[in-house]
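Structure first, commentary second.
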Amino acid sequence: MSTIVRNKHWINRLPHIYEIDDLIAFCRKNKRIYIYGRGEAQEWLLRFLDMCGVVSVEGYVVSYDPSESNFCYRKLPVKLIDDIINQPDVGIVLALCDRYHGEIIPMFRDKGFENWISLTEHTRLGIAEQMAPRNKDEMTFEISLADHCNLSCQMCDHFSQLSDPWFVDVEQFKKDIRRMAEIYDHEIGAISLLGGEPTLHPHLNELIEYVREQFPETELILLTNGVLLTNLENSSQGNLWEILKKNHVHVTVTVYPIKLDYIAIEKKAAEYGVSLKLSSDIHAVEATKQTKISDKHAMDLEGKVPKEHCVHCLYFNKFNVVKDGRYYMCPVQAHINIFNNRFKKNLEYAESDYLDIYEVNDWHEFAEFGSKWVPFCRFCDQKNWKHDSNWKPSTKSIKEYV
Ligand code: SF4
Ligand code: SF4
């Protein structure tokens, strides 16, 4: 079990991509790589280097106690620094807390050893968080109730502005939720119901009640643009707000610069005692009502992105998706058929890009799967994922993604 401590939203730190590039270049240059330090974070760094496949790490180095017990990932020899520092072709990745640099870097200088690289604390911990399989209470999955949307935002990461109308089939949804409940013994960190726009689904209330029945204690989130929320007090399905209250659903509304009475939504939530977060950045630790900025999720249509860049991805080891009996790494991958259909492209995923939820034995398989590169990651141009511009309606052009 990992003892990595993630923040309260369970979103991992994202390692700096320039440091990842420097690290991989260093490993390519040196035939015999050692990792300085012998704790859990160093083991997740080893797992990262194993995953990248550019180097076979020879072992760990330590200053004092070369004991070889308590490995959580993979056993490797542990050497004293004095035994390897003068050997040929050795390169050392300094992966200890910054506070130890004050001893180790002067020691390297005293000994005339120059073949080392260090990582910032942010990247060191970011790699560990991205590579450590999650514990059950940190796990979450999302499920789309409607792939299409009643807004049309540029650069939507679920491609919803490009989607034909698509609603999740009620029976398939219930079957998949039942199966996930069986796998997780009815308890997981959080489940997000979203889309596209989930409130468009004609059986929204029934779907919410079913998830709550199967996962009585789990944090249940409805992620919506809020456009229909106040109207759904009087829907033909019944009063959505009563369902939200009864089933302890947290409502997260993304705030856009559109004509929508957000104060009325806040009042309605207060009236029914429903937990509500209004924010222009749903990933921010604190809710923000600043101008909505669109993030560009650039795609490499040739699929040539190096493996190591996946650890820079916000979705990696976090935003797993359940759709039609499959468990996907992320929404970009799970909804790529919409992109392909719209732009006549062929960004394909392989069988190793997803798990069949009816074939896995337990939730550890999801945790392992979510913390490893999948072939589809080669299409995600992480170097060019960035805050792009103020929110705008979509032009529905491929330029929003390349
Ligand atoms: S509201 Fe959300 S799901 Fe709908 S188009 Fe905008 S970003 Fe996509
Ligand atoms: S497929 Fe793309 S979006 Fe999904 S985890 Fe990999 S890099 Fe990130």
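Can you list residue pairs whose Cβ atoms sit under 9 Å apart, with the first residue in region 87-100 being within 15 Å of residue 45 (Cβ to Cβ) and open to solvent by less than 70 Å² (accessible area, probe 1.4 Å) and the second being assigned to a loop (DSSP other than H, G, I, E, B) and charged (D, E, K, R)? Count only pairs 6 or more apart in sequence or on different chains.
Final answer for the pair search is 91/31.
Take the residues of region 351-366 that are under 17 Å from the mean Cα position of the chain (by Cα) and open to solvent by less than 10 Å² (accessible area, probe 1.4 Å): which is farthest from residue 188 (Cα to Cα)?
353
Can you name the residue in region 380-402 that is touching a helix residue (DSSP H, G or I) at 6+ places or on another chain (Cβ under 8 Å) and open to solvent by less than 30 Å² (accessible area, probe 1.4 Å) and is also nearest to ligand 1 (Cβ to nearest atom) among such residues?
394
If residue 301 passes every condition in (1) within 16 Å of ligand 1 (Cβ to nearest atom); (2) modelled with pLDDT of 95 or more but one, which one does it miss?
(1)
So which residues in region 304-332 are out of contact with any strand residue (DSSP E or B) (no Cβ under 8 Å at 6 or more places or on another chain) and more than 16 Å from ligand 1 (Cβ to nearest atom), if there are any at all?
304, 306, 307, 308, 311, 312, 316, 317, 324
Which helices (runs of 4 or more DSSP H) sit wholly inside region 232-350 and have at least 2 residues that are open to solvent by 30 Å² or more (accessible area, probe 1.4 Å)?
240-246, 262-272, 336-343
Among (1) among the acidic types (Asp, Glu); (2) outside any loop (DSSP other than H, G, I, E, B); (3) out of contact with any Leu (no Cβ under 8 Å at 6 or more places or on another chain), which single condition is residue 365 missing?
For residue 365, the failing item is (3).
Select, from 223, 232, the only residue that is touching a residue at least 12 places away in the same chain (Cβ under 8 Å) and over 23 Å from residue 320 (Cα atoms).
Result of the check over 223, 232: 232.
Looking only at region 148-193, how many residues end up being touching a Phe, Trp or Tyr at 6+ places or on another chain (Cβ under 9 Å), near ligand 1 (Cβ under 9 Å from one of its atoms) and closer than 17 Å to residue 319 by Cβ?
Result for region 148-193: 3.
Quick one: is residue 366 within 16 Å of ligand 1 (Cβ to nearest atom) and not acidic (Asp, Glu)?
no
Which pairs do you get when a residue that is under 23 Å from residue 332 (Cα atoms), found in region 184-210, comes within reach of a residue that is of a type in the set (Asp, Glu) and away from ligand 1 (no atom under 16 Å from the Cβ), reach meaning Cβ atoms under 6 angstrom, with the pair 6+ apart or on two chains?
These pairs meet every condition: 189/137; 189/138; 190/219.
In region 123-176, which residues are β-branched (Val, Ile, Thr) and either closer than 21 Å to residue 332 by Cα or surrounded by 20 or more Cβ atoms within 10 Å (Cβ to Cβ) (or both)?
Scanning region 123-176 gives 123, 127, 140, 143, 168.
Mind listing whichever residues of region 70-86 are open to solvent by 60 Å² or more (accessible area, probe 1.4 Å) and within 25 Å of residue 129 (Cβ to Cβ)?
70, 72, 73, 74, 75
Which of the residues spanning region 343-397 are touching a strand residue (DSSP E or B) at 6+ places or on another chain (Cβ under 9 Å) and under 24 Å from residue 258 (Cβ atoms)?
386, 387, 388, 389, 390, 391, 392, 393, 394 - these are the residues of region 343-397 that are touching a strand residue (DSSP E or B) at 6+ places or on another chain (Cβ under 9 Å) and under 24 Å from residue 258 (Cβ atoms).
Among all residue pairs at least 6 apart or on different chains, which show Cβ distances below 6 Å where the first residue, located in region 135-157, is within 16 Å of ligand 2 (Cβ to nearest atom) and among the charged types (D, E, K, R) and the second is modelled with pLDDT under 95 and part of a loop (DSSP other than H, G, I, E, B)?
Listed pairs, sorted by first residue: 157/297.
Just one of (1) in contact with a strand residue (DSSP E or B) (Cβ under 8 Å, 6 or more places away or on another chain); (2) of a type in the set (Val, Ile, Thr); (3) modelled with pLDDT of 95 or more trips up residue 230, so point out which.
Failing condition for residue 230: (1).
The values are calculated or read from the model by the stated rules, or taken from the named source; none is laboratory data. This is a predicted model, so every value here is computed, not measured. Here Cβ is always computed from backbone atoms with ideal geometry, including for glycine, and neighbour counts include all displayed protein chains. Each accessible area value is taken on the protein alone, full model and side chains, heavy atoms only, with ligands, DNA and RNA left out. Shrake-Rupley method; radii C 1.70, N 1.55, O 1.52, S 1.80 Å.
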